[in-house]
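Working notes for the structure below.
The values are calculated or read from the model by the stated rules, or taken from the named source; none is laboratory data. All values reported here derive from a predicted model rather than from experimental measurement. With ideal geometry, Cβ positions are generated from the backbone for all residues, glycine too; neighbour counts draw on all protein chains shown.
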Ligand SMILES: [Zn+2]
């Protein structure tokens, strides 16, 4: 199943830890912040810390509102 960017609906990698493309992520948070967010979410996923991952995901979704 293909994931799609929640902002621009373009296709993103299935194994992406985020629900939006790089372009939109950088547009929302800026390049530096975006990379930090992706890195921390990848760390959470890689360490199987799903609770932290979900919390991070939820706060990101809220921060876009
Ligand atoms: Zn996008």
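For the reader, a short list of remarks on this structure follows.
- For region 19-39, the set of residues classified as under 12 Å from the mean Cα position of the chain (by Cα) and within 13 Å of the ligand (Cβ to nearest atom) consists of 19, 20, 21, 22, 23, 24, 25, 26, 28, 29, 34, listed by residue number.
- Among helices (runs of 4 or more DSSP H) entirely within region 21-65, having at least 2 residues that are modelled with pLDDT under 95 and farther than 18 Å from residue 6 by Cβ singles out 31-46, 50-63.
- The residues of region 1-18 that are more than 8 Å from the ligand (Cβ to nearest atom) and within 14 Å of the chain's Cα centre (by Cα), listed by number, are 3, 4, 11, 13, 14, 15, 16, 17, 18.
- All positions within region 1-14 that are out of contact with any strand residue (DSSP E or B) (no Cβ under 9 Å at 6 or more places or on another chain) and at pLDDT below 85: 1
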